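The values are calculated or read from the model by the stated rules, or taken from the named source; none is laboratory data. As the structure is a prediction and not an experimental result, all values here were calculated from the model. With ideal geometry, Cβ positions are generated from the backbone for all residues, glycine too; neighbour counts draw on all protein chains shown. Areas reflect the complete protein model, heavy atoms only, side chains present, ligands, DNA and RNA absent. Shrake-Rupley method; radii C 1.70, N 1.55, O 1.52, S 1.80 Å.
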Amino acid sequence: MRSILVTVDDTPSAMAARALAVALARQCGARVRGVTALDVSDLDRVEPVPIGGVQYAYDRLQHRKKLAEERRAKIAALPDVFRRCLADEGMDAECSTMEADVRAGLLHMIETCDLVVTGRDVEFHLEPIDGVAPLVDHIIAKGCRPVVVTGPQWSESGPVLVAYDGSTAAAKALQMAALTGVFGSTPAHILSIGREQSAALSVAERAGSFLALHGIDSDLEAIATSESPADVLLRRASETGARLLVMGAFGHRGVREILFGSTTRHLFDSAPVPLFIYH
């Protein structure tokens with residue numbers, strides 16, 4: 001891996017993403033680039049005006065203008081803050097600012113990197129939101145590179161937990177994780193969840209064989225249960241002290257379920273560790 005793109009915002013998850021990107025860059029010998037954006041589309045929308053509410057409409061307009069100015073000032077400062085933070089880590093990094101057609105511009109920039117690291121609440125509105133932001137959904141669904149999505153906390157130590165069900169999406173995610181070098185020198189813990197223990201173990205063994213070809217040691221765990229895969233993964237991520245969760249699909253409902261289904265959504269919103277996903 002040669003290049004990591006990190007989204008730069010003012011939320012706790014975005015700050016965690018910056019620190020995680022630095023750690024991965026050191027581990028893999030990659031360069032880090034930042035990208036932020038001036039997005040005031042949520043403030044430019046037309047609001048309904050009640051009858052006789054001219055003064056109300058004027059006050060709301062002035063309020064939105066003030067918020068937009070404050071956001072512009074904060075955005076203007078973010079690239080310098082990003083560069084200084086990385087300089088403190090001994091890294092020389094640039095940070096670009098987008099001001100128009102942010103979503104399309106991000107996809108173009110993603111083409112020039114190997115990995116995207118983002119906070120789960122990044123929307124370039126400089127405000128934390130609950131769960132995964134629509135912009136992060138967009139990066140995962142439309143982008144052409146693997147994405148690491150983190151919440152406000154992460155750890156530099158611990159194994160990489162691999163959620164593997166033998167599906168095409170899971171196999172692709174495992175391959176990209178190996179090729180980008182995110183495992184580093186730590187072992188992988190491969191977890192396969194199924195209705196039958198023997199079938200789940202067979203699936204985990206295939207993943208272990210693949211990682212062995214890349215010189216990555218792994219422990220295998222097969223769990224036979226009817227419990228929600230997301231609940232099992234969340235529990236095992238905490239119990240194993242994992243620092244990263246590599247994931248693909250659960251079940252066989254197709255790409256829509258892989259990206260936006262209830263299992264993946266629950267993991268994005270609740271996982272105590274960053275998630276590596278590739279579709």
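May I ask you to list the residues in the range 213-247 that are under 20 Å from Thr150 (Cβ atoms), in contact with a Gly (Cβ under 9 Å, 6 or more places away or on another chain) and free of Cβ contacts under 8 Å to residues at least 60 places away in the same chain? Break it down into steps so the answer makes sense when it comes.
Kept after step one, since they are under 20 Å from Thr150 (Cβ atoms), are these residues of the range 213-247: 230, 233-247.
Applying the additional criterion that residues be in contact with a Gly (Cβ under 9 Å, 6 or more places away or on another chain) yields 240-244.
Those that are under 20 Å from Thr150 (Cβ atoms), in contact with a Gly (Cβ under 9 Å, 6 or more places away or on another chain) and free of Cβ contacts under 8 Å to residues at least 60 places away in the same chain: none in the range 213-247.
Within the range 142-152, work out how many residues are more than 9 Å from Tyr278 (Cα to Cα) and over 9 Å from the mean Cα position of the chain (by Cα).
Number of matching residues: 3.
Return the residues of the range 94-113 that are over 18 Å from the mean Cα position of the chain (by Cα) and buried (at least 16 other Cβ atoms within 10 Å of the Cβ); say none if nothing qualifies.
Hits for the range 94-113 are Cys95, Met98.
Exactly one of (1) hydroxyl-bearing (Ser, Thr, Tyr); (2) at pLDDT 95 or above; (3) in contact with a strand residue (DSSP E or B) (Cβ under 7 Å, 6 or more places away or on another chain) is unmet by Ser202. Its number?
Just one mismatch for Ser202, condition (3).
Output the residues belonging to the range 164-181 that are buried (at least 23 other Cβ atoms within 10 Å of the Cβ) and not in a loop (DSSP other than H, G, I, E, B). Break it down stepwise before answering.
If we filter the range 164-181 for residues that are buried (at least 23 other Cβ atoms within 10 Å of the Cβ), which is where we start, we get 164, 170, 173-174, 177.
Listed by number, the residues that qualify are Ala170, Ala173, Leu174, Ala177.
Name the residues in the range 221-246 that are in a strand (DSSP E or B), in contact with a Ser or Thr (Cβ under 8 Å, 6 or more places away or on another chain) and not small (Gly, Ala, Ser), would you?
Of the range 221-246, the ones in a strand (DSSP E or B) are 221-224, 244-246.
Adding the requirement that they be in contact with a Ser or Thr (Cβ under 8 Å, 6 or more places away or on another chain) leaves 221-223.
Result: Glu221, Ile223.
For residues in the range 188-211 being in contact with a Leu (Cβ under 9 Å, 6 or more places away or on another chain) and farther than 17 Å from Thr168 by Cα, which is surrounded by the most Cβ atoms within 10 Å (Cβ to Cβ)?
Among residues in the range 188-211 that are in contact with a Leu (Cβ under 9 Å, 6 or more places away or on another chain) and farther than 17 Å from Thr168 by Cα, the one surrounded by the most Cβ atoms within 10 Å (Cβ to Cβ) is Ala188.
Can you tell me how many residues in the range 82-93 are in contact (Cβ under 8 Å) with a residue 60 or more places away in the chain and open to solvent by less than 80 Å² (accessible area, probe 1.4 Å)?
5
Among the residues of the range 155-163, are any assigned to a helix (DSSP H, G or I) and open to solvent by 70 Å² or more (accessible area, probe 1.4 Å)? Lay out the reasoning, then the answer.
Filtering the range 155-163 down to residues assigned to a helix (DSSP H, G or I) leaves none.
No, there is no match, as no residue in the range 155-163 is assigned to a helix (DSSP H, G or I) and open to solvent by 70 Å² or more (accessible area, probe 1.4 Å).
So, in the range 99-121, how many residues would count as being in a helix (DSSP H, G or I) and touching a residue at least 24 places away in the same chain (Cβ under 8 Å)?
7
Mind listing whichever residues of the range 74-98 are charged (D, E, K, R) and assigned to a helix (DSSP H, G or I)? Break it down into steps so the answer makes sense when it comes.
First, pick out the residues of the range 74-98 that are charged (D, E, K, R): 74, 80, 83-84, 88-89, 92, 94.
Selection gives Lys74, Asp80, Arg83, Arg84, Asp88.
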